[in-house]
Structure formats: structure tokens, C-alpha cells
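Student: Have a look at this one before I ask anything.
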Amino acid sequence: MKFAIAGAGYIAAIHARAILNNGGEISAVIEKFADKRAEFAVHFKIPHKYETLESALAATQVDALVIGTPNYLHAPQALAVLKAGIPVLVEKPMAMTAEEGVNMLEASLKSDTPLMVAHCWRFDEDVLWLKQQSVRLGRILRTKGYGVHANWGPAGWFTQKALAGGGALADMGIHAIDTARFLLGDPQPLTVYARIGTHYKEFDVDDTGVILIEWDNSVNSYIESGWWQPHMDGPEAATQLYGTLGFGQLFPTRIELPRAGTDEASVIDPGFVFPRTEHCPQHMYDAQMRYFMECVHANRTPLPGGEEGLVNMKIVDAAYRSASSGEVVRISG
Ligand SMILES: NC(=O)c1ccc[n+]([C@@H]2O[C@H](COP(=O)([O-])OP(=O)(O)OC[C@H]3O[C@@H](n4cnc5c(N)ncnc54)[C@H](O)[C@@H]3O)[C@@H](O)[C@H]2O)c1
């Protein structure tokens, strides 16, 4: 399978390795800056390099595009290639707003072309283990999840609203939102209440947020998002599930099943190493890419696809609206 990659930054290198690790070929890189373009092409032995997506589309043919550019480029780049019938793996957040996400989903449906959103935690072995075990927890009543950086935060375009759409919520909170939703079996959100602000640095996006999501299966999810926080209760995507029969959590990953008639619990520990050497391991992205390649090969709608990406965008949009109005925001279908 022949790929083009848009962007030659941090995540693009991870995707490039994932393509090669899965036996794919990288035919073109599209990167705005000549030095980054050249360095990336040499490093990954990519034959063609372009400054713009338009020039790439005019000059070369590929089987799929991976989008790893700043968020404001996700929708225009995805729309351009979906219209040409080229499958897309786009980074999270899928777009700047839910409205852009709707256009991307429509373009994918109209052209019958796979659109996948890189909600990578769905491919993580700890997450998959907890999802499988969650049936033992009874009815899940509530979840807690974290998308937080402690004593660190990104710089550059990530911190500019015009280029990123949102701050820590759109960047990190969305990982926690998607992980909770995945573990719950992809329920639909009904309402969102959020308090969001910028307290640690000077920029026009958020660095601190608490979000409460009510799902249509009666579960409530509490999410924390942040950059530069003085503390975090768990690393990216760490999630806890509170069920009628037990408790489960990610990072460290285990479930606890209270023993009837005692104040003790049976702890089931799968033995995953925590903390990991790399919290976001290459093999998670390799599994994500393998799945995308299978979907492209079979012309199948990926999951997480445009629909899942869009639900997350609706929650993020609703959270920002709730934070500015102080009201609970109802999400319409
Ligand atoms: N899933 C994950 O684990 C994960 C991790 C990091 C980033 N991301 C997402 O990936 C995306 C990129 O993040 P990053 O950390 O790689 O950022 P980055 O800044 O390292 O890379 C972005 C690249 O895009 C290039 N670029 C800018 N304008 C361009 C244009 N018009 N055409 C082509 N290239 C252009 C930049 O020069 C840069 O090289 C973001 O949406 C981010 O949220 C996801």
C-alpha cells in the first residue's frame, strides 16, 4: 500500500514507522518547511516531497493519506483527498469544530472512501484488556479519566486558537473522552457540563478543564484535561470504571471485585508493566496503522471513523460552550 504523509513533525514520524513496520510504502511527504521535508524524506527514504497537498495530488498517486499536520489543516486536507476517493487517516482532534467534522464525514460517505480518526488508545493492549474485563464489573455507573500533562505543555501552534481550535481539552482531554467512550461501548452523549480556563501560561487556549458527560446509557463520565498541571492522578488516557459489581482501571491496569460478605476484594492484575518506558508505545500506533490498512484494503468503514471522531468533537464543542455560558449543554443527535 502506497502512502503519502502530510506533516513531517512528531506524530508523522511515528506514523511513518508504523507504515514501514506493517509492510507499507511511503511514496510522498507533504511538509511546509523545506528543511523538515528534506530531513524526513531522507530519514524514511521517501522518493517524493511536496510543499502543498495540491501539488502532491497533481503529481502523484497514492492509496491513502495520513494527516499529521496542525489541527486547522485537518478538514481542508481530508476534504481534498476524500473528494478524490483517497482514504484518510487523520489525527485527533479530527477538526477544529464539529461542523468541520460533519463535512468530513459527509465527504467520506459520499465518495464511499474510508475515513479513520487516530484515536490511538483504542489499539492499546491495556485498554483492550480492560474493555474485555469490564463485563465483570456489572453495570458501569461512572468513569473518571485523565488527559493531563504535569509540569509540561506544548508550545507553538498547539497554543494558538486559530491554528489548534482548542487547548488542553482538544489536545489531551479528547484522549480521555474517547477512551471512556470506547470502554463504555460507544454510547451517545446527552449533556455536557464543563469548567475550563487558562491559569498557568499566557495563551488564548485552555490549560485547565473539568468536564462532566452524561451518556445515553445513564453513565456519567468525569474528565480532567490540562497542560502544566502541578499534579496528575494518571497518565494520558488513564481511566477508572466504577460498576455495580466492581472497579477497573488503566495505568496501572487491573480490576477489583469485592468479595461478598468480606471487606476484601479479589484483584485481577494482567501484569502489564507500569509505568511504561514509553507511555505511548510505537506498537500501539503500529496496531492502529495495521487496522487502517485492513480497512483501506477491504474498503470498510473504520471504527474509530468519522462518526466516532465527530462525537468527540461534539463533546469538545459542547464543553467549550458550557464553560463560557456556565450552563449544561444538551447535545442534539
Ligand atoms: N495520537 C497521538 O498520540 C498524537 C500525538 C501527538 C500529536 N498528535 C496530533 O497530530 C497532529 C500533529 O501534531 P505534532 O505533534 O506532530 O505536531 P508537529 O508540530 O510536530 O508537526 C506538524 C507538522 O506539520 C507541518 N505543517 C504545518 N503547516 C503545514 C502545511 N500547510 N502543509 C504541510 N505541513 C505543514 C509543520 O511544519 C510540522 O512539521 C495534531 O493534530 C496533534 O493533535 C497526536
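The values are calculated or read from the model by the stated rules, or taken from the named source; none is laboratory data. The structure presented is a predicted model; accordingly, all values stated were derived computationally and were not measured. Note that we place each Cβ from the backbone using ideal geometry, even for glycine, and neighbour counts take in every protein chain shown. Each accessible area value is taken on the protein alone, full model and side chains, heavy atoms only, with ligands, DNA and RNA left out. Shrake-Rupley method; radii C 1.70, N 1.55, O 1.52, S 1.80 Å.
Student: Compute the separation of the alpha-carbon centres of segment 19-50 and segment 300-315 and state it in Å as a whole number.
Tutor: Each part's Cα centre sits 27 Å from the other's.
Student: Here's something else I'd like to know. Could you give the accessible area per residue of segment 179-332, probe 1.4 Å, as a whole number in Å²?
Tutor: Ligands and nucleic acids excluded, the result is 47 Å² per residue.
Student: Grab every C-alpha pair in segment 206-289, bin the distances at 5 angstrom width from 0 up to the longest one, and report whole percents.
Tutor: Each 5 Å bin holds this share of Cα pairs: 3, 10, 15, 18, 18, 19, 11, 3, 1, 0.
Student: Please list 3J(HN,Hα) in residue order for segment 15-22, calculated via the Karplus relation 6.51 cos²θ - 1.76 cosθ + 1.60 where θ = phi - 60°; whole Hz, with x for glycine and proline.
Tutor: Values per residue, Gly and Pro as x: 5, 4, 4, 5, 4, 5, 5, 9 Hz.
Student: Using only Cα atoms and rounding to the nearest 10 degrees, what angle (0 to 90) does helix 98-110 make with the longest principal axis of the chain?
Tutor: 60 degrees
Student: Follow-up. Accessible area per residue of segment 53-171 at 1.4 Å probe, in Å²?
Tutor: Values: 4650 Å² over 119 residues.
Per-residue value: 39 Å².
Student: Further question on the same structure: Order the peptides 88-95, 117-124, 267-274 from the highest to the lowest mean number of other Cβ atoms within 10 Å of their residues.
Tutor: Put in order of decreasing packing, that is 88-95, 117-124, 267-274.
Student: Next question. At a 1.4 Å probe, what is the % contribution of carbon and sulfur to the accessible area of the chain? Mind showing how you got there, number by number?
Tutor: Details: 7700 of 14710 Å².
Here it works out to 52 percent.
Student: In segment 24-89, how does Rg compare with the Kirkwood Rh, expressed as the Rg/Rh ratio over alpha carbon atoms?
Tutor: Numbers: Rg = 11.3 Å, Rh = 12.2 Å.
For segment 24-89, the value is 0.93.
Student: Turning to a different aspect of this structure: Can you find, among His119, Ala164, Gly138, the residue farthest towards the positive end of the dipole of segment 85-171? Put +1 on the C-beta of Lys and Arg, -1 on that of Asp and Glu.
Tutor: Projecting each Cα onto the dipole axis, the largest value belongs to Gly138.
Student: Only Cα pairs within less than 10 Å get springs; with that Gaussian network setup on the chain, which residue of Gly24, Gly261, Gly305 has the largest fluctuation?
Tutor: Between Gly24, Gly261, Gly305, it is Gly261 that shows the largest mean-square fluctuation.
Student: For Leu20 paired with Phe272, estimate the spin-label separation in nm (one decimal), with each label point 7 Å from Cα along the Cα-to-Cβ line.
Tutor: 2.7 nm
Student: Hey, rough spin-label estimate for Ala155 and Gln282, points 7 angstrom out along Cα→Cβ, what's it come to in nanometres?
Tutor: Distance between the two pseudo-spin positions: 2.7 nm.
Student: Put +1 on the Cβ of each Lys and Arg and -1 on the Cβ of each Asp and Glu in the chain; which of Tyr285, Gly243, Leu303 then has its Cα farthest toward the positive end of the dipole?
Tutor: Leu303
Student: Please report, in debye to the nearest 20, how large the charge dipole of the chain is about its Cα centre when each Lys and Arg carries +1 at its beta carbon and each Asp and Glu carries -1 there.
Tutor: I would put it at about 300 debye.
Student: Would you look at the GNM of the chain, springs on alpha carbons closer than 10 Å, and say which of Gln288, Gln132, Gln160 moves the most?
Tutor: Result for the chain, Cα springs under 10 Å: Gln132 fluctuates most.
Student: Continuing with this model, one more query. Antiparallel DSSP bridges in the chain: what percent, to the nearest 5?
Tutor: Percentage antiparallel, nearest 5: 55.
Student: How many nm separate the modelled label positions at Ser324 and Asp112, each set 7 Å beyond the Cα in the direction of the Cβ?
Tutor: The two pseudo-label positions are separated by 4.1 nm.
Student: While we're here: Kindly provide the Kirkwood hydrodynamic radius of the chain in Å, to one decimal, from all pairs of distinct alpha carbon atoms.
Tutor: The answer is 20.4 Å.
Student: Now a separate question. Check the straight Cα-Cα distances from Lys49 and name the lysines below 25 Å, setting aside those fewer than 8 residues away within the same chain.
Tutor: Lys2, Lys32, Lys36, Lys83, Lys92
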